[in-house]
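The values are calculated or read from the model by the stated rules, or taken from the named source; none is laboratory data. Computed from a predicted structure; not experimentally measured. Ideal geometry is used to build each Cβ from the backbone, glycine not excepted, and the neighbour counts take in all protein chains shown.
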């Protein structure tokens, strides 16, 4: 039963929650923006009303003070003209004052009334109405001297027409109540203009003019200073900015001026009301549009989330769970395993010959083959199992309630299904597979260990011939640990120059002359003794150590063979080393650094070097031959296309593989093949060398068929460099020094 990772990961509510959250956020932002806008407008409106009320109060106060100052200036002008002094020439002061007042009264047209009083408030000249005013309403003026103590001085001069008149006294204005009326009084000191002696008129005289604060006066002020509906009220207005106190001589309020305040903020609000409504409608339309767009975007996001979740846990090609989903499912299954105690098996499956199908028929055919393999694995898996694609041509199976017998039956069923022919793009192809099996809790209880052990079992099944399955066994783990140990020690041995070289002589066909030596690496391990190359070369290739190992062998061989003049040095080349992009450059560099004669060097290649990329191999071989290095085809006759290689690639020598000589009889098939290969090599102008010569009969046969060179235990096994010195007659005490150099 498949349990795709995407199905477990799907959470459709996340997009809805995100959408709702976004809408709520935008709604709150919209309301806050509208509230802020309304608040700003109201604040601006109130501030505009307040500022205008303050300006109106200042204008009303300025207007009233200006009216009072105008009254003072008018009264000053009348007393400064000289008419009053002329009228006061009578002998009797009272008669003179009455005469002067009558003349002066006709000129006080801007005032509602006037009278002359003493400092004690006694009216000396004036009408009955003026006298009554003093008695009933002007109680505060009875002591005029005290009232005028705080009076302001007249200006230095008073302008009357175009004439400047000198100052002559002080003046002060005040507000008094007369019943229901309020009066503006203007008082002038007449002490300097009255010619009476102190004996005849001991008191200071004052001219007092008054004017009612009437509706007409207030209307005139309202029009002149553009303040609406200035009026006199008896009580203080509710808004202090819309009222002005009229204070009497004793400082108390004799009345209040009030007016209708202008409210420009309200006018602005009324004017911009439709604009605010339009802005609100615009924002509402934008909000609705954004909500609709967000709803559509939420749908798109939810769809993409589902797609992403599906892709995150599903292999797009096979539609099986991918490696991530496989790991999570295995973790969950192992957690359940600890609770219910049932068995579990992990199978790792690697397809055999898939690369050949992919390279031969193309990637489209490879993809189709992967899909068909996935379908067959699903059909072969028992209920409760999970099938996943964990790599290019690698699959994994998690089988619950597993037993060894059940896993064996499942593995055999999978092998049978996958070895049946596949029809890919109308072509019948046949592949196979290798299976590694690890079981829990027998082999391990965590995911990483089970996968590692299953991979070890898979590696074992591949090495055992492919198209088979293998359960993990303890010795497999020991073998893996041994490989790791060899890897670590081999890396250290290369870095510390702890390896050594042995050389097997290649002799002339008569066996009398050493014409060449083949360098063979040996590893004198400090614990395990001498390790042959067959035990560590494959590990070096698998673990990425073949490049430093090959360069070490070539360098050391060139250094040691410099003293063997006239003897060819044969060095084996690994396919991995030969396919490296810097192979030719590295060989030439080592030759130059060791000062070795390139014509003395011969590199031995196998057919595996040429199969991967023939064009690149041909280019590299032409380049290396251009530097004078010789090339030999090793293990000749064991491959499929040796004749093609001999015709296409420029080799200098072929080496007949030892397997043809091992069971050779003089008249058998192997003898015929060896004879044919030697004849072919001679016909192509190549030197022919036979490996594995161990008997005199083989020597005589190879000599008879025309081989040029022989190599084998009959002549010498692989020996250290100083033994080669002895064979060549170079045995001397300085050999080791030369090697070290």
request  = Being at pLDDT below 75 and touching a helix residue (DSSP H, G or I) at 6+ places or on another chain (Cβ under 7 Å) narrows it down to one of 257, 232, 269, so name that one.
outcome  = 269
ask   = Taking the stated definitions as given, is residue 6 at pLDDT below 75 and surrounded by 18 or more Cβ atoms within 10 Å (Cβ to Cβ)?
value = yes
task = Exactly one condition in (1) surrounded by 20 or more Cβ atoms within 10 Å (Cβ to Cβ); (2) in contact with a helix residue (DSSP H, G or I) (Cβ under 8 Å, 6 or more places away or on another chain); (3) farther than 25 Å from residue 614 by Cβ; (4) at pLDDT 90 or above is not met by residue 554; state its number.
result = (3)
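One line per residue, one yes/no per condition, for (1) over 15 Å from residue 351 (Cβ atoms); (2) buried (at least 19 other Cβ atoms within 10 Å of the Cβ):
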position	(1), (2)
384	yes, no
402	yes, yes
421	no, no
439	yes, yes
446	yes, no
454	yes, yes
key: Which listed residue, of 384, 396, 362, is at pLDDT below 90 and in contact with a strand residue (DSSP E or B) (Cβ under 8 Å, 6 or more places away or on another chain)   = 384
key: Members of the range 313-353 that are under 32 Å from the mean Cα position of the chain (by Cα), in a loop (DSSP other than H, G, I, E, B) and farther than 17 Å from residue 433 by Cβ   = 315, 316, 317, 319, 322
Matching residues, the range 530-546, being within 14 Å of residue 577 (Cα to Cα) and buried (at least 18 other Cβ atoms within 10 Å of the Cβ) = 537, 540, 545, 546
task = Of the numbered conditions (1) at pLDDT below 90; (2) surrounded by 14 or more Cβ atoms within 10 Å (Cβ to Cβ); (3) closer than 23 Å to residue 508 by Cβ, residue 659 fails exactly one; give the number of that condition.
result = (3)
message = Can you tell me which of (1) within 20 Å of residue 565 (Cα to Cα); (2) surrounded by fewer than 18 Cβ atoms within 10 Å (Cβ to Cβ); (3) modelled with pLDDT of 90 or more is the one residue 704 doesn't meet?
response = (1)
request  = Could you figure out which of (1) within 25 Å of residue 314 (Cα to Cα); (2) modelled with pLDDT under 90 isn't true of residue 370?
outcome  = (2)
query = What about residue 347, is it surrounded by 12 or more Cβ atoms within 10 Å (Cβ to Cβ), out of contact with any strand residue (DSSP E or B) (no Cβ under 8 Å at 6 or more places or on another chain) and either at pLDDT 75 or above or more than 30 Å from residue 182 (Cα to Cα) (or both)?
reply = no
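Return the only residue of 117, 87 being more than 23 Å from residue 175 (Cα to Cα), modelled with pLDDT under 80 and in contact with a helix residue (DSSP H, G or I) (Cβ under 8 Å, 6 or more places away or on another chain). Spell out how you get there, then give the answer.
On the way: 117 fails: more than 23 Å from residue 175 (Cα to Cα).
The conditions single out 87.
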ask   = What are the pairs, 6+ residues apart or on separate chains, where a residue within the range 456-483 that is more than 19 Å from residue 406 (Cα to Cα) has its Cβ under 7 Å from a residue that is at pLDDT 85 or above and assigned to a loop (DSSP other than H, G, I, E, B)?
value = 456/472
task = Go through (1) exposed (fewer than 15 other Cβ atoms within 10 Å of the Cβ); (2) more than 22 Å from residue 329 (Cβ to Cβ); (3) touching a residue at least 24 places away in the same chain (Cβ under 8 Å) one by one and return the number of the condition residue 428 breaks.
result = (3)
request  = Filter the range 622-643 for residues that are in contact with a helix residue (DSSP H, G or I) (Cβ under 9 Å, 6 or more places away or on another chain), modelled with pLDDT of 85 or more and under 22 Å from residue 520 (Cα atoms) and give the result.
outcome  = 624, 629, 630, 631, 633, 634
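Is at least one residue of the range 690-701 without any contact (Cβ under 8 Å) to a residue 24 or more places away in the chain and within 30 Å of residue 530 (Cβ to Cβ)? Break it down stepwise before answering.
Start the filter on the range 690-701 by keeping residues that are without any contact (Cβ under 8 Å) to a residue 24 or more places away in the chain, which leaves 695-696, 700.
Cutting the leftovers down to within 30 Å of residue 530 (Cβ to Cβ) gives us 695-696.
Checked the range 690-701: at least one residue is without any contact (Cβ under 8 Å) to a residue 24 or more places away in the chain and within 30 Å of residue 530 (Cβ to Cβ).
Could you look through the range 530-550, keep only residues that are assigned to a helix (DSSP H, G or I) and under 45 Å from the mean Cα position of the chain (by Cα), and pick out the one that is nearest to residue 501 (Cα to Cα)? Full working, then the answer.
The initial filter retains those residues of the range 530-550 that are assigned to a helix (DSSP H, G or I), namely 533-542, 546-550.
From the residues that got through so far, the ones that are under 45 Å from the mean Cα position of the chain (by Cα) too are 539-542, 546-549.
On the way: 539: 19, 540: 17, 541: 19, 542: 22, 546: 16, 547: 17, 548: 15, 549: 12 Å.
Ranking the candidates gives 549 first.
Answer with yes or no whether residue 108 is at pLDDT 70 or above and either touching a strand residue (DSSP E or B) at 6+ places or on another chain (Cβ under 7 Å) or part of a loop (DSSP other than H, G, I, E, B) (or both).
Values: at pLDDT 70 or above: yes; either touching a strand residue (DSSP E or B) at 6+ places or on another chain (Cβ under 7 Å) or part of a loop (DSSP other than H, G, I, E, B) (or both): yes.
So residue 108 fits the description; yes.
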note = Picked from the range 501-529 (must be out of contact with any helix residue (DSSP H, G or I) (no Cβ under 8 Å at 6 or more places or on another chain) and in a loop (DSSP other than H, G, I, E, B)), the residue surrounded by the fewest Cβ atoms within 10 Å (Cβ to Cβ) is 527
query = Does at least one position in the range 471-486 carry a residue that is modelled with pLDDT of 90 or more and farther than 30 Å from residue 652 by Cα?
reply = yes
